There are 2 protein chains.
Amino acid sequence: MARKATIVGGGVIGGGWAARFLLNGWDVAVFDPDPEAARKINAVLANARLALPALSDVPMPPEGRLSFADTMAEAVEGSEYVQESVSERIELKHKVYAQLQQANPGVLIGSSTSGFKASDLQIGSPAPQNIIVAHPFNPVYLLPLSEISGSEKNTEATVQRTAQIMKDIGMFPLVIRKEIDAFIGNRFLEAVWREALWMLKDGVATTEEIDEAIRMGFGLRWGQMGLFETYRIAGGEAGMRHFMAQFGPALKWPWTKLMDVPEFNDELVDLVANQSDAQSGMYGIRELERIRDQNLVGFLRALKERNWGAGKVLREHDEARAALFHEGLDQGPKAEPLTLAHLQVLPGWIDYNGHMTESRYYFCNSEVADAFLRLIGAGMDYVEAGHSYYSAETHIRHLGEAKLGDRLTGTLQIISADEKRFRSFVRIMKGEELVATIEQLCLHVDMKAGRTVAAAPGVYAKLKAIADAHAELPLPQGAGRAIGQKKG
Amino acid sequence: MARKATIVGGGVIGGGWAARFLLNGWDVAVFDPDPEAARKINAVLANARLALPALSDVPMPPEGRLSFADTMAEAVEGSEYVQESVSERIELKHKVYAQLQQANPGVLIGSSTSGFKASDLQIGSPAPQNIIVAHPFNPVYLLPLSEISGSEKNTEATVQRTAQIMKDIGMFPLVIRKEIDAFIGNRFLEAVWREALWMLKDGVATTEEIDEAIRMGFGLRWGQMGLFETYRIAGGEAGMRHFMAQFGPALKWPWTKLMDVPEFNDELVDLVANQSDAQSGMYGIRELERIRDQNLVGFLRALKERNWGAGKVLREHDEARAALFHEGLDQGPKAEPLTLAHLQVLPGWIDYNGHMTESRYYFCNSEVADAFLRLIGAGMDYVEAGHSYYSAETHIRHLGEAKLGDRLTGTLQIISADEKRFRSFVRIMKGEELVATIEQLCLHVDMKAGRTVAAAPGVYAKLKAIADAHAELPLPQGAGRAIGQKKG
């Protein structure tokens, strides 16, 4: 049975949380008196469906059930976790917690607050230990960071349980050691925000120029290494100490106006708003959101390929789910192609024609082949032990088109096999439609010696059993073709 | 004849400038009394060669000539532009400018200074109008930003000339409207730096936790949209005004300690340096630099695919150079395969055998094919107009192994072509070793009608010219093979 999360407050942040839980297979009950809540949440969810799956290399679990509750009691019933994202009014938050804890004593409550400390949030609660800060960053369904901040009233177990829930939905829980207002991220944002407002006010730069100064320069550094690791490099071979010696004195220079705060008045608001319109007014907000999401998907995939930073978080989340996916592949050999992979065409698989990019067909074949190798006992462990099947030759026929979101099935038929090699024929199906076939010759190699050798008896026995069963099947149409050869 | 730039000061920054000019085809003369200068610059250049070309989709120009001069006069002789990157001592900079301007009156001098204003730099110069700030961000060979800041002594023409030189080497010149210390980028870095030092000092977070708070969250946002465009989205449909109304009051909250500066003493240095060692000490600086560069290449390529932010700069730089490349081809293609892609095997391309995963060979082919299509005028714009080449059939032979970090070259030979199709043969080379061949039949389709049609005359003319030239080449060994067919 699916786990259940409760979302109180259905704005951009609440909607982002709802999307993250739903797409990770949790049921989600939303409470928000705003009559627009359902529309808003579904808008965020639609964006999330376009973006989050593009980060996953194992199929997403079936989406959870989304429901909207009329009362907080109904929303929290049977719920394992509550994420509170109401507006930043402490008395409102206290009222919400009171109702939640009355309806479901012992439920764990995480708050999206940008600045209140856990000890502020816990005031007046009968069970303060179950209230904690879990502060995310927009878009919640893509950015991994969740700042976990508790007070001395929270037990270590509560902190760890909250952190584990964040991991379960693919986030990176950062447990803050000391209670401070605004935690870590927002303190930096606040500092930069003040400096930026001064620059606008003083006419030094426009909003657009300031954004360019960030995204053309250090913003690109911070997205993958942050501040200190970047400066460590700037220090050169001598590292951080050298950097400090070199730049420490700058602390004394008049390089910031942060000793003071600009007056917040209509004039300042107009200045910022008008410049922002001039800069980005040509895009609607939804459009900007999709552009942002696709950029973030690009960054995150780049980091995932390099197994670095946020990309490492994505890999670990995949691995945790991959285990489940690979169960239940063990089928007895019949005279029919083996169905070995179920895939969905992800946004990241699409080329500028709007079709699944061609190399992904080969990727699908690899998924099928890997599943087959695991099936005959030639998986990771076998490779670790020094033997493996290498592809020698591959022939791909593109017969149809797969588009975003299409669900594909991969079947494998053994055309021939002996101790040292097998010839496989993989069909990539979209429902009943054959979109591609991949024929492949694989050789069994001793990786150390780097030459073809006979497979282990146990492996070959399994392979042969399947090959014998498949021998009754007709040679697939298109097998043995060469490029440029006439059809049929 | 190649344009010449002079680099005065050969540290990390000077070296980064040298690499950018050289890889963009400029000759570079370096002056730096440090006997280690040549070694340091070549180390930076080695990193740059691994990274910058990976951002280009048109062949890089032939690398310029690098020389090391014994005197400043020799270094600046015949030079069009000087980039000064000596240490931040105003009297030293003044001395450098005096010698440069004496040896080459009228040469344009850009300074890499992090904080001095142009009017400070110009003091005492006979030709102050030729001295201007061109402030880059490390790594200079990858990050596009160059802050151009002049005084009222600089003419608009000088500012524009400096900006154009930055564009010529693929950078994004940001002209600052008013003279201020530290320009724009460093003011933000300084603000964040101060806040970060406070957190360390107060034991709120470690250097690693602070870096995670940045790179798992807002750092990813800033790399592609900066501050204001991000907040505009946070404002939702109501946009920037709503955001200001919502978060403006925060200015009054105690969310930063920036009213004060932590005392800079050995204790603080040790704290930072020791934590930084614990965080990143397992990587050497050069190693960290390469990791950073590969991450940045990933970000920048992701943005380039989406034609956004820094990616837009890369595209425009390509387009400016593509013209030249096409001219070369219009002068008549030669009877040799076209070299169309330079790739490096990234960590994410590796399978559990430790080799480049097989579908990546097809990916490499796609990179080569896309470059070819752009070359014959069938790139994105052509596709948006409704026509495209689809792959019908692909035959891949795996002949060697590519491992992590290997640099691969992709060449393409046209075997046959007519109005409606072409047959290509791509070789993936690791140095002189052939690791894979990909033979492919591509059909020219009307995407709306979904059927094969003749290509646009302009496209076919380019294709035919190359096909005719390649007709003189022998049929590649292995072309026209079918799976399972005997060797030879």
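The values are calculated or read from the model by the stated rules, or taken from the named source; none is laboratory data. In this text, all values refer to a predicted model and were calculated from it rather than measured experimentally. Neighbour counts are summed over all protein chains in view; Cβ atoms, including those assigned to glycine, are modelled from backbone coordinates with ideal geometry. Note: areas computed on protein heavy atoms with side chains; ligands, DNA, RNA excluded. Shrake-Rupley method; radii C 1.70, N 1.55, O 1.52, S 1.80 Å.
Values for this structure:
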read-out: Top-ranked residue of the range B:286-304 - restricted to ones that are farther than 14 Å from A:Leu296 by Cα, buried (at least 18 other Cβ atoms within 10 Å of the Cβ) and not acidic (Asp, Glu), ranked as modelled with the highest pLDDT; value: B:Arg292
read-out: Test for A:Lys464: is it open to solvent by 80 Å² or more (accessible area, probe 1.4 Å) and within 16 Å of A:Pro333 (Cβ to Cβ); value: yes
read-out: So B:Phe68, is it touching a strand residue (DSSP E or B) at 6+ places or on another chain (Cβ under 7 Å) and among the aromatic types (Phe, Trp, Tyr); value: yes
read-out: Search result, residues across the range A:42-96 that are among the basic types (Lys, Arg), open to solvent by 50 Å² or more (accessible area, probe 1.4 Å) and in a helix (DSSP H, G or I); value: A:Arg49, A:Lys95
read-out: Residues within the range A:398-449 that are within 12 Å of chain B (Cβ to nearest Cβ), closer than 18 Å to A:Leu373 by Cβ, open to solvent by less than 10 Å² (accessible area, probe 1.4 Å) and of a type outside the set (A, V, I, L, M, F, W, C), tallied; value: 3
read-out: Test: residue in the range B:386-408 that is over 27 Å from A:Ala402 (Cβ atoms), free of Cβ contacts under 8 Å to residues at least 24 places away in the same chain and not aliphatic (A, V, I, L, M); value: no
read-out: Boolean, B:Met171 is within 27 Å of A:Trp308 (Cα to Cα), under 24 Å from the mean Cα position of the chain (by Cα) and either more than 7 Å from every other protein chain (Cβ to nearest Cβ) or surrounded by fewer than 20 Cβ atoms within 10 Å (Cβ to Cβ) (or both); value: yes
read-out: Condition check for A:Leu408: over 24 Å from B:Ile483 (Cα atoms) and either in contact with a Lys or Arg (Cβ under 8 Å, 6 or more places away or on another chain) or not assigned by TED's automatic domain parsing to the domain that holds A:Ala454 (or both); value: yes
read-out: Test result for A:Ala38, among the aliphatic types (A, V, I, L, M) and buried (at least 17 other Cβ atoms within 10 Å of the Cβ); value: no
read-out: Pairs, first touching a residue at least 60 places away in the same chain (Cβ under 8 Å) in the range A:277-299, second open to solvent by 40 Å² or more (accessible area, probe 1.4 Å), C-beta under 6 Å, six or more apart; value: A:Gln279/A:Glu208; A:Gln294/B:Arg306
read-out: Subset of the range A:176-211 [over 23 Å from A:Glu147 (Cβ atoms), open to solvent by less than 20 Å² (accessible area, probe 1.4 Å) and not polar (S, T, N, Q)]; value: A:Leu197, A:Met199, A:Leu200, A:Val204, A:Ala205, A:Ile210, A:Asp211
read-out: Residue within the range A:13-30 that is open to solvent by 30 Å² or more (accessible area, probe 1.4 Å) and assigned to a loop (DSSP other than H, G, I, E, B) present; value: no
read-out: Selection count, the range B:135-161, where residues are farther than 28 Å from B:Arg292 by Cα, touching a residue at least 24 places away in the same chain (Cβ under 8 Å) and either in a helix (DSSP H, G or I) or among the aliphatic types (A, V, I, L, M) (or both); value: 3
read-out: All positions within the range A:108-138 that are of a type in the set (A, V, I, L, M, F, W, C) and touching a strand residue (DSSP E or B) at 6+ places or on another chain (Cβ under 6 Å); value: A:Leu108, A:Ile109, A:Ala118, A:Leu121, A:Ile131, A:Ile132, A:Val133, A:Ala134, A:Phe137
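The rows are residues; the columns are (1) touching a strand residue (DSSP E or B) at 6+ places or on another chain (Cβ under 9 Å); (2) surrounded by fewer than 17 Cβ atoms within 10 Å (Cβ to Cβ); (3) modelled with pLDDT of 80 or more.
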| site | (1), (2), (3) |
| --- | --- |
| B:Glu316 | no, yes, yes |
| B:Leu324 | no, yes, no |
| B:Ile350 | yes, no, no |
| B:Gly354 | yes, yes, no |
